[in-house]
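What follows is a set of notes on a single structure, which appears directly below.
Derivation of every value follows stated rules applied to the coordinates shown; laboratory data play no part. Model, not experiment: these values are computed from the prediction. Using ideal geometry, Cβ is built from the backbone for each residue, glycine included, and neighbour counts are taken over all protein chains shown.
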Amino acid sequence: MPAPGPPLGMLAELTHRCPLQCPYCSNPVDLLKSDAELDTDSWLEVFTQAADLGILQVHLSGGEPALRQDLEALVACLAERGVYTNLITAAVTLSEQRIADLAAAGLDHVQISFQGTNPETTELISHYKGAHEKKLRAARWVRDAGLPLTVNAPIHRCNFDQVEQFVDLALELDADRLEIANVQYYGWAYLNRTALLPGPEEVARQAVFVEDARERLTGILNIDFVTPDYYAEYPKPCMGGWGNDAMAIMPDGTVLPCHAAQTITSLNFDRATDRPLAEIWNNSDAFERFRGTEWMQEPCRSCPRKDLDFGGCRCQALALTGDAAATDPACIKSPNHDALRRMATRASETGSGELIYRRIGSQGEPVA
Ligand code: SF4
Ligand code: FES
């Protein structure tokens, strides 16, 4: 196999701690506690190596990345090396001064997630009182600080009827971009799938509305629409392909080809504190395992789309078929596709609606 090109992007999950408890969270169900997190010097070393490796943008995420008191230092380290920084935040802990300090440190972009377009929905999903008002306030401070803003709207059965209002909210907040992202069913979202999956008609309605809004708001608001895999015809090229152009780092420094890769327990993952990042990217077993297309089985192996979507998502293939090398069941060519669609439709019609909130140490017990 030819040597891989350099990675372009990095998802840095600085911490799994978070004041919110969203049941759609893509973090692993087995969340890491604060004492497992890398210290400041270790993150600075990781980011220095990332810049040397050619990484152009780092998404600072979590959990809630603003809970790290060293966030400004981490942003400054990346900015000094010309790396574009995007803060992905729930925003409830951000003050006006903190946002100004982050902007001064060189932060390039802020992405704030909204669980709903009104206080009731936001509080129901986030399990955090007063979250909505705090997010609105922080979004305005972001714009006052001159930073570009993306409103991130994770969509599922509890808020799918608010897609239109999300467009109004993004306009009202002077956002540059709105991401209407149907939840991807990994981590906590997979655990909650019967409560969160929308039905096929709702998804089709959303798509029509978003297409129209996109056209109407050209030049005013960029709208990205992420369809739910379970109702797709073809899967997305998850992470742009395994080990192709991006990597993820967990709070304890474990380096992964994607944020959910640890669900593939047959793989061994290295830590950035034990082995140089360049070596992990170029030569480690975990990154090599599903890189390119040679590992594929049929129908992917002989499919003309294999260099476009790389067979979809390995973690989803494992979760839904028991085989991480199988064709992602989101694909219509997968023998498991029809069963997946039936399951999703049934869940949307008869799912209990009981939410399991994300909590460190709860291991997925329903919240009373
Ligand atoms: Fe993609 Fe595999 Fe489906 Fe072809 S068969 S479209 S490569 S997932
Ligand atoms: Fe792991 Fe898609 S989330 S490959």
Test for Thr254: is it among the β-branched types (Val, Ile, Thr), more than 14 Å from ligand 2 (Cβ to nearest atom) and in contact with an Asp or Glu (Cβ under 9 Å, 6 or more places away or on another chain): no
Hits in the stretch 150-162 - residues which are over 13 Å from Leu124 (Cβ atoms) and more than 19 Å from the chain's Cα centre (by Cα): Asp161
When (1) in contact (Cβ under 8 Å) with a residue 24 or more places away in the chain; (2) out of contact with any Gly (no Cβ under 7 Å at 6 or more places or on another chain) are applied to Thr265, the one that fails is (1)
Cys303 being hydrophobic (A, V, I, L, M, F, W, C) and more than 9 Å from ligand 1 (Cβ to nearest atom): no
Quick count over the stretch 243-257, residues being in contact with a helix residue (DSSP H, G or I) (Cβ under 6 Å, 6 or more places away or on another chain) and within 16 Å of ligand 1 (Cβ to nearest atom), is 0
So Leu355, is it within 30 Å of His127 (Cα to Cα), among the hydrophobic types (A, V, I, L, M, F, W, C) and out of contact with any Leu (no Cβ under 7 Å at 6 or more places or on another chain): yes
Could you figure out which of (1) surrounded by fewer than 22 Cβ atoms within 10 Å (Cβ to Cβ); (2) not in a helix (DSSP H, G or I) isn't true of Val58? (1)
Write out, first by first residue and then by second, each pair whose Cβ atoms fall under 6 Å of each other, whose residues are 6+ apart or on separate chains, and whose first residue, in the stretch 45-69, is within 14 Å of Met250 (Cα to Cα) and touching a residue at least 24 places away in the same chain (Cβ under 8 Å) while the second is among the small types (Gly, Ala, Ser) and in a loop (DSSP other than H, G, I, E, B). Val46/Ala272; Glu64/Ala90
Flag if Arg214 is touching a residue at least 40 places away in the same chain (Cβ under 8 Å) and either within 16 Å of ligand 1 (Cβ to nearest atom) or more than 22 Å from Phe47 (Cα to Cα) (or both): no
Would you confirm whether any residue within the stretch 24-31 is β-branched (Val, Ile, Thr), part of a loop (DSSP other than H, G, I, E, B) and either within 19 Å of Pro276 (Cβ to Cβ) or touching a Leu at 6+ places or on another chain (Cβ under 8 Å) (or both)? yes
All positions within the stretch 255-274 that are more than 27 Å from Thr227 (Cα to Cα) and out of contact with any strand residue (DSSP E or B) (no Cβ under 8 Å at 6 or more places or on another chain): Thr265, Ser266, Leu267, Asn268, Thr273, Asp274
Just the residues that are surrounded by 15 or more Cβ atoms within 10 Å (Cβ to Cβ), of a type in the set (A, V, I, L, M, F, W, C) and away from ligand 2 (no atom under 13 Å from the Cβ), please, taken from the stretch 287-330. Met296, Cys300, Cys303
The stretch 308-363, residues that are within 16 Å of ligand 1 (Cβ to nearest atom) and more than 30 Å from Phe287 (Cβ to Cβ): Asp338, Ala339, Arg341
